[in-house]
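Since the structure comes first, as structure tokens, the remarks are kept for the end.
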Amino acid sequence: MKPSFKRAIRATASVIVGLAALAASSVGCFLALDRAYPPPLPASLTVSTEVVDRDGELLRAFATPEGRWRFAVDLDAVDRNFVELLIAYEDKRFWDHDGVDVIALLRAAMQFVGNGRIVSGGSTLSMQLARLMEPRESRSIGAKLSQIFRAVQIERRLSKREILERYLTLAPYGGNLEGVRAASLAYFGKEPGRLSLSEAALLVALPQLPERRRPDRNPDGARKARDRVLERMVTAGRLDAAEAARAATEEFVAARRPLPALAAHTTAAALANQPFASRLQLTIDRRVQEGLEAVARDAAAKLGPKLSVAILLADAQNGDILGAVGSADYFDATRSGWIDMTRAVRSPGSTLKPFIYGLAMEQGLVAQETMIEDRPADFSGYRPRNFDMSYQGDVTVRRALQLSLNVPAIRLLDAVGPARLTARFRQAGVTLRLPPGEAPGLAIGLGGVGLSLRDLVQLYTGLANRGRTVGLNDGSQPPGTTAAPAATVLSADAAWQVADMLSGVTPPEGAARRGIAYKTGTSYGYRDAWSVGYDGRYVVGVWVGRADAGAVPGLSGYVSAAPILFEAFAKSGLAAVPLPPPPSGARRPTRDELPVTMERFAPLEERVAAAAASEPAPRIVFPPEGARVDLGASGEKATPLVLKLQGGRAPFRWLANGRPLSEPMRRRTATWQPDGTGQSTLTVIDAAGRAASVRVFVE
């Protein structure tokens, strides 16, 4: 081997060793710097708190502590065409490099030398993410080297998907908008899941010069930037020229839309209960909420200044609140819009009357066709009067409830007892507000008590749900909070009787029949107008009035609130559900079918006087309350159930689920042949009109 060749080999080997040593030294230096100066990569970014509906759709967002709109981004929820356009425009070798695109950097350097100015930066998306995490004002070589170092660090710690998601969360889009979701919501009014080509091109162009290209401040600049993106993609062979031309003709709204602020009161309550959560989910349905808010807003505009509207829609089967409007406009100070009137305690007017009638029917005191007096009456100094100051004379119980007559309702409440009614409400999770130390009196039947719209809707879930109320829940409660358990407010038969009567109330003028049962109410002094209605699944409650409890002459439940109720049902977007069928054995007897003791309701004092001969009130001794009875085979071979009673004055009338079993009898025993299984109510009425009832379950 020639000496010269040997020298060449030794020189080459020396160079290779030197390069290897330099590479090893560089790697070691990088690793040392990497350990000494780790990148600022928090486990999670500070983002706006999102409150979403039951399906995950955005209801309302709250800005970050710095006042920025910045939303967490899931790459799967971003339009795929936009992502591909972004990478093709900003960093076409994104999926292949390790943070630095050497080819792009060399191109940028050559352009700088040839033009004497920066033509393109050569920055990768990883480098741009590094700049977003550590903002620098200068575009010096030192700043660029720092970005390169950070980009390599980022690539070692995050996947490509994570890098894209962080970039799309932090990229500036003008003003206090950061990230593609905030920009899409503010500029297009929608999530970035489905963007047009024009919208995608604009969102690609904005982060480079966000303030100069904002469509709300500089629509011409935004349009030109969008078109440049489209042209470059055509030149690069990424877009068809005709497709790009069509996108360039698409106009956009040169304005910034407000971010969603639906269910403002409920979302604010949810945030107050969980202030550090980044995402909160409610039971509300966004579609339902939008419809109800539009109804409340339009109704308030027609009602006039200072008046507000609150609406609550709940699922009677599970208690989920699907729509909650606390006021006509949360941001309207003239209507005190910030006050949540679904929670405010007000007088409910006549809206509790259905429960009075239901309890009276449950106790066997009246049936729908029982006659009752509507004449001036004095109840130990309490003299109720009807809303229109007139009286109907003798009316049926059905008609008295449908007309919302006051005197008949108080007659029945006097018979069943205010304490028993309020006990049923407490059992259903609703406590009426009375003045301190005051016992429930007859005035509660006409609104002389306090409760909220939420309380009222919760009670009405029992009417829609065969007598069983469910606790309401909207998802805003503090963690660990549970809704009130299901409870019985009326028997299934009584709840059906009430629904049958209320479904016959005439709809307000101009409203179409929807197959709902509803009741209205007006509080003392025309301060509150109410309307509550339900179908076979949903309950809607409406309140109208002034948040400051000021009087509104002419305000009434039927005129002011009932039309809103029907409109709320119509605009909720929910399919109508038929009212439940009558439970087994329940029916509406005609007047001719009524026992003599139920043909006409007698006042309490008359019934007591009739029993003055000292006989004790009747009491059913068999079967006992709550008994489970197994009668064996069904049909003709089934064993009849023997009924026994003590006390009372003969003759006695027995009823099963409100239906007479036989003619009045003087014996204190009777038999009953059930026509099916399930819960039944047995009632006996004596000659004085006194009644006793037990509930049994037939197996």
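The table below lists the values:
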read-out	value
Checking S680 against (1) surrounded by 13 or more Cβ atoms within 10 Å (Cβ to Cβ); (2) at pLDDT 85 or above; (3) over 18 Å from Q363 (Cβ atoms); (4) polar (S, T, N, Q), the condition it does not meet	(3)
Count of residues meeting criterion [outside any loop (DSSP other than H, G, I, E, B) and within 30 Å of T370 (Cα to Cα)] in segment 567-601	7
Any hit, segment 318-325, residues being touching a His at 6+ places or on another chain (Cβ under 9 Å) and aliphatic (A, V, I, L, M)	yes
Members of segment 368-396 that are free of Cβ contacts under 8 Å to residues at least 40 places away in the same chain and of a type in the set (F, W, Y)	Y391
Candidate set: segment 451-472, residues that are assigned to a helix (DSSP H, G or I) and small (G, A, S); chosen: the one farthest from A360 (Cα to Cα)	A464
Within segment 87-175, helices (runs of 4 or more DSSP H) holding 2 or more residues that are among the aliphatic types (A, V, I, L, M) and modelled with pLDDT under 85	102-115, 141-157
Residues of segment 504-522 satisfying the condition of being surrounded by fewer than 24 Cβ atoms within 10 Å (Cβ to Cβ) and in a loop (DSSP other than H, G, I, E, B)	G504, V505, T506, P507, P508, E509, G510, A511, A512, R513, R514, G515
Residues of segment 667-688 satisfying the condition of being over 16 Å from I620 (Cβ atoms) and either free of Cβ contacts under 8 Å to residues at least 60 places away in the same chain or not in a loop (DSSP other than H, G, I, E, B) (or both)	Q673, G678
Matching option when the condition is within 20 Å of S350 (Cβ to Cβ) and charged (D, E, K, R), among R513, R527	R527
G521 vs. criteria out of contact with any His (no Cβ under 8 Å at 6 or more places or on another chain), in contact (Cβ under 8 Å) with a residue 40 or more places away in the chain and within 19 Å of G445 (Cβ to Cβ)	yes
Residue within segment 489-503 that is in a helix (DSSP H, G or I), over 17 Å from P354 (Cβ atoms) and either of a type outside the set (D, E, K, R) or in contact with a strand residue (DSSP E or B) (Cβ under 7 Å, 6 or more places away or on another chain) (or both) present	no
Any chance L631 is in a loop (DSSP other than H, G, I, E, B), at pLDDT 95 or above and either among the charged types (D, E, K, R) or over 24 Å from R398 (Cα atoms) (or both)	no
Members of segment 641-666 that are assigned to a loop (DSSP other than H, G, I, E, B) and either in contact with a Gly (Cβ under 6 Å, 6 or more places away or on another chain) or modelled with pLDDT of 85 or more (or both)	G647, G648, N657
Residue match in segment 344-355 (condition: within 28 Å of G573 (Cα to Cα), at pLDDT 95 or above and either part of a helix (DSSP H, G or I) or in contact with a Cys (Cβ under 8 Å, 6 or more places away or on another chain) (or both))	yes
Only listed residue being aliphatic (A, V, I, L, M) and closer than 30 Å to S308 by Cβ, chosen from L442, L365, L432, L412	L432
Test: R420 is basic (K, R) and either under 21 Å from E369 (Cα atoms) or at pLDDT 95 or above (or both)	no
Residue in segment 166-176 that is β-branched (V, I, T), closer than 23 Å to A63 by Cα and touching a strand residue (DSSP E or B) at 6+ places or on another chain (Cβ under 7 Å) present	yes
Residue, farthest from the chain's Cα centre (by Cα), within segment 551-607, restricted to residues that are surrounded by 15 or more Cβ atoms within 10 Å (Cβ to Cβ) and among the β-branched types (V, I, T)	T597
Some residue of segment 524-537 being assigned to a helix (DSSP H, G or I) and under 22 Å from the mean Cα position of the chain (by Cα)	no
Filtered residues of segment 65-76 (kept if in a helix (DSSP H, G or I) and surrounded by 13 or more Cβ atoms within 10 Å (Cβ to Cβ))	L75
Every residue from segment 448-466 that is modelled with pLDDT of 95 or more and among the small types (G, A, S)	G450, S452, G462, A464
Only listed residue being without any contact (Cβ under 8 Å) to a residue 12 or more places away in the chain and crowded, with 18+ Cβ neighbours inside 10 Å, chosen from R399, R468, R426, R454	R399
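Condition check ((1) surrounded by 15 or more Cβ atoms within 10 Å (Cβ to Cβ); (2) in contact (Cβ under 8 Å) with a residue 24 or more places away in the chain; (3) not assigned by TED's automatic domain parsing to the domain that holds V83) across all residues:
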{"site": "D216", "(1), (2), (3)": "yes, yes, no"}
{"site": "P219", "(1), (2), (3)": "yes, yes, no"}
{"site": "R226", "(1), (2), (3)": "yes, yes, no"}
{"site": "M233", "(1), (2), (3)": "yes, yes, no"}
{"site": "G237", "(1), (2), (3)": "no, no, no"}
{"site": "E243", "(1), (2), (3)": "no, yes, no"}
{"site": "R256", "(1), (2), (3)": "yes, yes, yes"}
{"site": "L259", "(1), (2), (3)": "yes, yes, yes"}
{"site": "A263", "(1), (2), (3)": "yes, yes, yes"}
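Residues checked against (1) over 20 Å from L459 (Cα atoms); (2) surrounded by fewer than 23 Cβ atoms within 10 Å (Cβ to Cβ):
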| position | (1), (2) |
| --- | --- |
| D298 | yes, yes |
| Q317 | no, yes |
| Y330 | yes, yes |
| W338 | yes, yes |
| P354 | no, no |
| G364 | yes, no |
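The values are calculated or read from the model by the stated rules, or taken from the named source; none is laboratory data. A quick note: this is a predicted structure, and the numbers were derived from the prediction, not measured. Note that each Cβ is placed from the backbone with ideal geometry, even for glycine, and that neighbours are counted across all protein chains shown.
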